[in-house]
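Take a look at the structure below.
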Amino acid sequence: MDAIKGKADQGMQNQGGQMDKPVSFHFLESMLPKAVKRRVHALKRLQVQCANIEAKFYEEVHELERKYAALYQPLFDKRRDIVTGTVEPTDEECEWQSDREEEEELAEAVKEKATIEDAKKEETTPVEDPKGIPEFWITIFKSVDMLSDMLQEHDEPILKHLKDIQVKFSEPGQPMSFTLEFHFEPNGFFNNAVLTKVYKMKSEPDASEPFNFEGPEIIDCEGCQIDWHKGKDVTVKTIKKKQKHKGRGTVRTVTKQVPNDSFFNFFNPVKASPDGEMDEDSEFTLATDFEIGHFFRERIIPRAVLYFTGEALEDDESFEEEELEEGDEEQDEEGDEDDDDDGDFDPKA
């Protein structure tokens with residue numbers, strides 16, 4: 001095997017002794033003795049079988065998710081009722097023990113100050129008691145970079161009517177998918193009570209590239225038709241253009257509707273091409289859409305209150321910093337190796 005490694009190393013260098021492009025696995029495999037190559041092929045067949053078993057594992061995980069989603073739902077329904085003000089939680093339900101003593105002391109001091117100020121205000125102004133938790137979901141949208149990038153000023157009055165976001169999993173025996181449901185209270189913008197986005201998934205190795213399988217992947221998504229009230233569709237804008245008649249020279253003004261940036265374009269996604277051939281812009285747009293759908297399902301919906309308070313944002317930032325530090329560390333190690341190589345290199349050799 002050392003002889004094979006030597007030949008491979010030679011193939012990675014040019015005549016000047018400098019490293020060339022890495023040798024492909026096809027080249028390395030071709031250097032193996034015929035009997036060894038035959039055994040490697042047997043291992044590859046075993047690897048494909050492992051990938052097929054892994055795919056079945058993820059299918060059962062999906063069924064488990066569906067089972068536990070039914071257990072979570074009553075809690076999410078209670079969250080919705082508190083947010084919308086349909087239900088007022090009891091004193092016992094509102095008890096929350098913080099382990100941050102300094103924050104508690106500060107909060108107590110602020111509370112005392114606020115009590116004095118409130119007593120003064122009560123003499124001149126009526127007591128305000130907002131319903132539920134105002135602007136709960138739109139606050140989350142504004143706080144999360146991935147969502148705030150989609151949000152436009154004209155979307156905000158509409159999203160103030162958003163009551164809840166839920167995720168529903170496909171039924172047993174149906175193709176793997178999940179559906180995001182955006183529930184709205186009656187409003188002056190559209191007639192839909194619920195806007196939906198379906199994400200279709202696949203949990204099986206690709207026949208042409210079985211070793212690339214890493215678990216379920218989103219392969220397509222499907223939005224819904226929004227029944228906009230007349231003149232309220234924020235996904236289009238009206239522009240006026242002047243046209244001059246070539247023969248008579250007269251000028252007329254025409255009105256035309258063109259696409260407009262809006263969060264609600266989320267419900268009219270780019271469709272995946274059946275043959276898999278798409279231009280780079282469409283591929284990027286679709287990949288971003290898949291990422292957002294996954295983020296709603298895995299992060300926003302299960303941990304909504306923590307994104308509202310900002311605590312989940314701190315966790316996300318800490319995770320990103322940790323990943324960055326690990327990446328820097330690897331880069332430094334690689335740099336050290338390069339330095340060592342440079343130190344051992346003898347230009348006279």
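The values are calculated or read from the model by the stated rules, or taken from the named source; none is laboratory data. Just so you know, these numbers come straight off a predicted model, no measurement behind them. Positions of Cβ are backbone-derived with ideal geometry, glycine not excepted, and every protein chain shown enters the neighbour counts. These accessible areas exclude ligands, DNA and RNA; they are computed on the full protein's heavy atoms, side chains included. Shrake-Rupley method; radii C 1.70, N 1.55, O 1.52, S 1.80 Å.
A few comments on the model shown:
- Long-range amide H partners of CYS221 with built H, under 5 Å: LYS200, ALA272
- Karplus-based coupling profile of region 66-73, in residue order and whole Hz: 4, 4, 6, 4, 5, 6, 5, 4, with θ = phi - 60° in 6.51 cos²θ - 1.76 cosθ + 1.60 and x standing for Gly or Pro.
- Qualifying trypsin sites (Lys or Arg not before Pro) for region 199-243 [loop in DSSP, other Cβ within 10 Å: at most 10]: LYS230
- Computed from backbone phi, the HN-Hα couplings of region 41-53 come to 4, 5, 5, 5, 4, 5, 5, 5, 4, 4, 4, 5, 5 Hz, rounded to whole numbers (Karplus: 6.51 cos²θ - 1.76 cosθ + 1.60, θ = phi - 60°; Gly and Pro given as x).
- Pairs beyond 23 Å (Cα-Cα), from LYS168/LYS200; LYS34/LYS56; LYS202/LYS271; LYS78/LYS131; LYS160/LYS197: LYS34/LYS56
- Exposure check, 1.4 Å probe, all protein chains in place: CYS50 carries approximately 70 Å² of accessible surface.
- Computed with a 1.4 Å probe over protein heavy atoms only, the accessible area of GLU59 comes to about 70 Å².
- For GLN152, the amide hydrogen comes within under 5 Å of the amide hydrogens of PHE263, counting only partners 5 or more places away or on other chains and with H modelled in the peptide plane.
- Taking θ as phi - 60° and the Karplus parameters 6.51, -1.76 and 1.60, the scalar couplings of region 175-187 work out to x, 5, 6, 9, 10, 8, 10, 9, 9, 10, 7, x, 8 Hz in sequence order, x denoting glycine and proline.
- The loop-placed GluC sites (Glu not before Pro) in region 125-216, going by DSSP, that have at most 13 neighbouring Cβ atoms within 10 Å of their Cβ come out as GLU128, GLU214.
- Positive contributions from Lys and Arg (+1) and negative ones from Asp and Glu (-1), summed over other residues with Cβ under 13 Å from the Cβ of ASN260, come out at -1.
- Around the amide H of ASN192, modelled in the peptide plane, lie the amide H atoms of ASP227, all under 5 Å away and 5 or more residues distant in sequence or on another chain.
- Surface calculation, 1.4 Å probe, protein heavy atoms: VAL40 sits at approximately 40 Å² accessible.
- When all protein chains stay in place and ligands, DNA and RNA are ignored, the 1.4 Å accessible-area order of THR196, THR309, largest first, is THR309, THR196.
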